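The values are calculated or read from the model by the stated rules, or taken from the named source; none is laboratory data. Note that the structure is predicted; figures quoted are calculated from it, not measured. Cβ: placed from backbone, ideal geometry, glycine included. Neighbour counts: every protein chain shown. The area values use the complete protein model at the heavy-atom level, side chains included, leaving out ligands, DNA and RNA. Shrake-Rupley method; radii C 1.70, N 1.55, O 1.52, S 1.80 Å.
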Amino acid sequence: MAAQGGVTGQRIPRLDAVAKVTGKAKYTADINLPDLNRYAGKPVWERMLFGKILRCPLPHARVRRIDISKAEKLPGVRAVMIIAKEGAELRYAGEAVAAVAAESEEIAEDALRLIEVEYESLPFEVDTDRAYEKGQRGSPRVNRWGAGEEGFKEAEVTVEVTVRTPVQIHTPLEAHGSVVGWEAPDRVLAFDSTQVLFAVRDSLAREVQLPPEKVRVICEYMGGGFGSKLWMHQHVPIAARLSRMAGGLPVKLILSRKEVFLTTGNNPDSVQHIRIGAKKDGTFVAFYRRSYGTGGVGGGADLPGPYYRFQHGFVEHYDVFTNAGPSAPLRAPKHPQAVFGVESAIDELARILGIDPVELRIKNDPNEIRRKEWQIGAERIGWKQKWQPWGSQTGVKRRGLGCAASAWGGGGGPGSQAEVRIHRNGTVEVLLGTQDIGTGTRTVVGIAAAEALGLTPEFLRSDKFVVYIGDTRLGRSGGSGGSTTAASVYPAVYDAAEKALRRLLDIVAQKLGVPADQLVARDGRIFVRDNPQKGLSWEEATKLLPTDLISERGEWRRGMTGSGVGGVQFAEVEVDTETGKIKVIKIVAVHDCGRVINRLTAEGQVIGGVVQGLSFALLEGRIMDKQTGRMVNADMENYKLAAMLETPEIEVVLLDMPERGVIGLGEPPIIPTAAAIANAVANALGVRITSLPITPDKVLAALGKVKS
């Protein structure tokens, strides 16, 4: 028996593309009363309520008094709950204090204004450097290898840099939010924009003290999370409690953009003092980094690295605690910050030694695949033809080239339970309780089944091929984080489909009068391997089923996936020395991800990561008012993001390596972009800007045209 669908590796448009562009796809904020009753299977509710959360306006405070009586009396208000009781300490502006559910959003907002809260203002600090100096930091995390700092005695050349990166906000296009209702006193239906469907179900079940099977969570479509939706946020159980207080009526609680900025997570900042020691021939000897950064009231600011081969090393990090919202993993957590620091130092070393930056990296890169990628990327960007020594250019507009590398895990693992159904009329259904966070998982699931069943790309995109995901009533699956989703779900779906095909081939074998192991499923046909003319079309084969359908379940299995991916990126920039404006001309991104499942999606992942990395390099950064302790750019107007005008030509080169199995690609592409751009700017100007984002004022200050 063999299936050779030829679907994997092709450029397959998203299965949900039409639903998304026509508005048929429903995100959590689109869920209304008719949708709720449809999913419940009967008209359970006659009304839907709207939830709002009152949040603390101060960066550090204690609740002295809270009175909700006026809000409770407002017509249209159905439930009011206190979250921070009298005496509660609130540690950042934006912490939840109380919540309401009302018959309209406007009434809910009016009710929030009627809640009386008296706060006692407490000392606060939102500046990372000042908090570090005050001792608001955790114990040092130390990693030492070889001879540690003593290893620098073997170095013939040493360079030092100190770099800074800002706090970055995830800013997914879809805001966080939930719709939660009680179908019965012991049964909850919830919609949530989440990366971890089953984790939300299990956490919510604990919060409302129900068995997990009594809680159903749905997320059929999602507009991104980038790590900020990797756990159940507070608004989910708040909506559930408000609903129960209101007699089970469903409560829609969608966070405002400001709430998303303040409360749903952030990427910690960093201050990195880095020292690299090397031989005169460019061989790396020793690495040193002392860093600190803030994850707000939480931790998680430590940095990975150093990505290259160093015989000796010493790394020390401090988490700094400030009165700001807690951090959350953001696409390749902390790697872009770390790579910015390491690659800045390597470029400075190349400048001092007079060695080509690409050759220096190849010499010290322990990753064989990445050494090949360096060569490919250099050729594609035209490195030998275009690269000029640092600061050798004159004129108003100067161009520069830069490069940087990435490394990531991306492996999959057990935990996904898929089901594949083959119907007598030829229809194929694939069912798996994973979530598509905007990365194309729904299509990956479909490709896995079509590949195993020997179906065509055209059949995959037809009405006879249906993929059901995003519902905890389906087979359990893991969360979508760490670039592990594709490598976790693809094998499980393939396993289920292969089992279903085996049963179908047993039936077809009887019809064709040959053993089942002599049959091949390919291009929408089932035929005899040594006699391709002898066979049946897919629909002819499925008509032979003695029952309405075949159904088989599958799980993740070894041998189909791998882990560990690399990547390199090259940037070409143009810097206007009169205005300080930086224009990224081109990015070449060379990445490996094992077996490419969907080339179109894989390229899209790389492009998206590059744009996000460019945004981090040139635009993004949380701004905190040191006097009031509040974020002053907590909106999409003043928190700058790269868009169409800033996006350059992006050339994606994928190393398709089927022998390595399926490996995730979601996170690696964001890692090296900012560092490559920063190195290109330094190459163009001859002076290094050591803090992100690299804005026009910093360019002009570096050139001595304005004060720093």
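When the range 196-219 is filtered for residues that are closer than 21 Å to His170 by Cβ and either basic (Lys, Arg) or surrounded by fewer than 24 Cβ atoms within 10 Å (Cβ to Cβ) (or both), the ones remaining, listed by number, are Ala199, Ser203.
Of all residue pairs spaced 6 or more apart or on separate chains, those with beta-carbon atoms under 6 Å, a first member in the range 64-83 that is open to solvent by 100 Å² or more (accessible area, probe 1.4 Å) and a second member that is modelled with pLDDT of 95 or more and part of a helix (DSSP H, G or I) are Lys70/Leu114. Number of residues in the range 363-422 that are open to solvent by less than 10 Å² (accessible area, probe 1.4 Å) and in a strand (DSSP E or B): the value is 10. In the range 154-185, of all residues being more than 16 Å from the chain's Cα centre (by Cα) and of a type in the set (Ser, Thr, Tyr), the one that is surrounded by the most Cβ atoms within 10 Å (Cβ to Cβ) corresponds to Ser178. Contact annotation: residue pairs with Cβ atoms under 8 Å, 6 or more positions apart or on different chains, pairing a residue in the range 38-62 that is over 15 Å from Ala84 (Cβ atoms) and basic (Lys, Arg) with a partner that is part of a loop (DSSP other than H, G, I, E, B) and open to solvent by less than 40 Å² (accessible area, probe 1.4 Å), are Arg47/Leu249.
Of everything in the range 462-485, what is open to solvent by 30 Å² or more (accessible area, probe 1.4 Å) and either in contact with a helix residue (DSSP H, G or I) (Cβ under 9 Å, 6 or more places away or on another chain) or closer than 12 Å to Val430 by Cα (or both)? Give them in sequence order. Of everything in the range 462-485, those that are open to solvent by 30 Å² or more (accessible area, probe 1.4 Å) and either in contact with a helix residue (DSSP H, G or I) (Cβ under 9 Å, 6 or more places away or on another chain) or closer than 12 Å to Val430 by Cα (or both) turn out to be Lys464, Val466, Tyr468, Leu474, Arg476, Gly478, Gly479. Return yes when Phe321 is farther than 16 Å from Pro672 by Cβ and in contact with a helix residue (DSSP H, G or I) (Cβ under 7 Å, 6 or more places away or on another chain) and no when it is not. So Phe321 fits the description; yes.
Working carefully through the options Pro648, Pro658, find the one that is touching a residue at least 12 places away in the same chain (Cβ under 8 Å), open to solvent by less than 50 Å² (accessible area, probe 1.4 Å) and not aromatic (Phe, Trp, Tyr). Lay out the reasoning, then the answer.
Numbers: Pro658 fails: open to solvent by less than 50 Å² (accessible area, probe 1.4 Å).
Going through Pro648, Pro658 in turn, just one is touching a residue at least 12 places away in the same chain (Cβ under 8 Å), open to solvent by less than 50 Å² (accessible area, probe 1.4 Å) and not aromatic (Phe, Trp, Tyr): Pro648.
List pairs: first in the range 562-578 and closer than 21 Å to Asp347 by Cα, second open to solvent by less than 10 Å² (accessible area, probe 1.4 Å) and among the basic types (Lys, Arg), Cβ under 9 Å, 6+ apart or cross-chain? That search, which allows pairs on different chains as well, returns Gly566/Arg370; Gly567/Arg370; Val568/Arg361; Val568/Arg370. For the range 8-27, a residue qualifies if it is among the charged types (D, E, K, R) and either open to solvent by 70 Å² or more (accessible area, probe 1.4 Å) or touching a Pro at 6+ places or on another chain (Cβ under 7 Å) (or both), and the qualifying residues are Arg11, Lys24, Lys26. Only one entry of Gly224, Gly277 meets the criterion of being among the small types (Gly, Ala, Ser), within 30 Å of Ala338 (Cβ to Cβ) and over 20 Å from the mean Cα position of the chain (by Cα), and that entry is Gly277.
Just one of the listed residues (Ile526, Ile582, Ile550, Ile597) is over 30 Å from Ala404 (Cα atoms), surrounded by 24 or more Cβ atoms within 10 Å (Cβ to Cβ) and β-branched (Val, Ile, Thr), and it is Ile526.
Among the residues of the range 42-49, some residue qualifies, meaning at least one is in contact with a Lys or Arg (Cβ under 9 Å, 6 or more places away or on another chain), open to solvent by less than 40 Å² (accessible area, probe 1.4 Å), of a type outside the set (D, E, K, R) and over 30 Å from Gly296 (Cβ atoms).
The set of residues from the range 188-210 being in a helix (DSSP H, G or I) and in contact (Cβ under 8 Å) with a residue 24 or more places away in the chain comprises Leu197, Phe198, Ala199, Val200, Arg201, Ser203, Leu204, Glu207, Val208.
Within the range 253-283, the set of residues being more than 29 Å from Gly305 (Cα to Cα), in a strand (DSSP E or B) and open to solvent by less than 40 Å² (accessible area, probe 1.4 Å) comprises just one member, Leu253. Only one of the numbered conditions (1) open to solvent by less than 30 Å² (accessible area, probe 1.4 Å); (2) out of contact with any His (no Cβ under 9 Å at 6 or more places or on another chain); (3) at negative phi is not met by Pro668, and that is (2).
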